[in-house]
Every structure is written in structure tokens, then in C-alpha cells.
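Following: one structure in C-alpha cells, then a few remarks.
The values are calculated or read from the model by the stated rules, or taken from the named source; none is laboratory data. Everything numeric in this text was worked out from a predicted model, so none of it was measured. Cβ coordinates were reconstructed from backbone atoms using ideal geometry, including for glycine residues, and neighbour counts include every protein chain displayed. Ligands, DNA and RNA are excluded from the accessible area calculation, which covers all protein heavy atoms including side chains. Shrake-Rupley method; radii C 1.70, N 1.55, O 1.52, S 1.80 Å.
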Amino acid sequence: QVQLVESGGGLVQPGGSLRLSCAASGSIVRINTMGWYRQAPGKQRELVATITSGGSTNYADSVKDRFTISRDNAKNTVFLQMNSLKPEDTAVYYCHAGLIAAGTTVRYLEVWGQGTLVTVSS
């Protein structure tokens, strides 16, 4: 019922920029925390950045000062602006949301996006 739809992934050169978007849709009452995670081949999924409904952010040390997470609460959308990209940033990026959904009953859900591939290469 509730889905996260990602866009913006692709191929970019080192030092370049990319902007990821993730829009939540469905019977949503409120989205608490939204975030981005990534998983490189052979590695565990790791936190990239999160943002609360109030705008508090948290970043992995590896992306701090290069990436910026933001959200548009009216559109239930989270963004990840990625600047100064490095080959080490190559990974599948996943959107995540903790939210309150409405249906037969009101309930808390943790929802993941399908993942979008970001490749940083010359």
C-alpha cells in the first residue's frame, strides 16, 4: 500500500554531482524519519544520512560535507544531494522511511525503496 519510489541514480564522473529523490505514496498519516542507505558489492548495507520530520540530520562520516539530505514534508519526499562524488560512493542507494500509515487501523511501518544504482567512474 505504501511505497517509496526513487529516482536520480546513474553514472557520474568523479568530482561530479548527483541528486537522488524518493517520494512516498499511499495512505500516509505522517512520516517520521526518512533516510538513505547504500550497499556496495560484497559489503553490508550502511547508513548514509537520515532526517527527522523536524529537520534534524545525521550523516555518515564518509559523506559529511559532501552530501546533503533534505525533505519536502508536503510532498512526502526526501532528497540526497551528492557532491564531490568519489568512486568509493559507488553503490546501490536505498531510500527508507519510518511512517504512520492509515488503513483499517493506524499503524507504524518501516518502508524501503527498491534501490537505485549510483556509479562513480571515469
Checklist outcome for this item: Heavy-atom accessible area of the chain with neighbours in place, 1.4 angstrom probe: carbon+sulfur share in percent works out to 48
Next on the checklist: Suppose accessible area is computed on protein heavy atoms with a 1.4 Å probe; arrange 37, 93 from highest to lowest.
Outcome noted: 37, 93
Checklist entry - Tell me, what is the per residue accessible area of the range 7-122 in Å², probe radius 1.4 Å? => result 51
Item to check | Local electrostatic count, residue 89, Cβ distance below 9 Å [Lys/Arg +1, Asp/Glu -1] | outcome: +2
Checklist entry - Any idea what the dipole of the chain comes to, in debye rounded to 20, about its Cα centre with Lys/Arg Cβ at +1 and Asp/Glu Cβ at -1? => result 140
Next on the checklist: What number results when the radius of gyration of the range 1-70, computed over Cα atoms, is divided by 2.2 N^0.38 Å?
Outcome noted: 1.22
Item to check | List 86, 75, ordered by accessible area with a 1.4 Å probe, largest first | outcome: 75, 86
Checklist entry - In a shell of Cβ-Cβ distance under 13 Å around residue 10, excluding residue 10 itself, what net charge do Lys and Arg (+1) and Asp and Glu (-1) give? => result -1
Checklist entry - With a Cα-only, solvent-free Debye model of the chain, what are the log10 I(q)/I(0) values at q = 0.09, 0.11, 0.23 Å⁻¹? => result -0.24, -0.35, -1.32
Checklist entry - Just how much of residue 117 is accessible, in Å², when a 1.4 Å probe is used and the result is rounded to the nearest 10? => result 100
Checklist entry - Ranked from the most accessible area to the least, with a 1.4 Å probe and all protein chains present, what is the order of 79, 67? => result 79, 67
Item to check | Partner lysines for residue 43 [C-alpha distance under 27 Å; skip if fewer than 8 residues away on the same chain] | outcome: 64, 86
Checklist entry - Going from the alpha-carbon gyration tensor of the range 56-121, what semi-axes, largest first and in whole Å, does one get by taking the root of 5 times each eigenvalue? => result 28, 14, 10
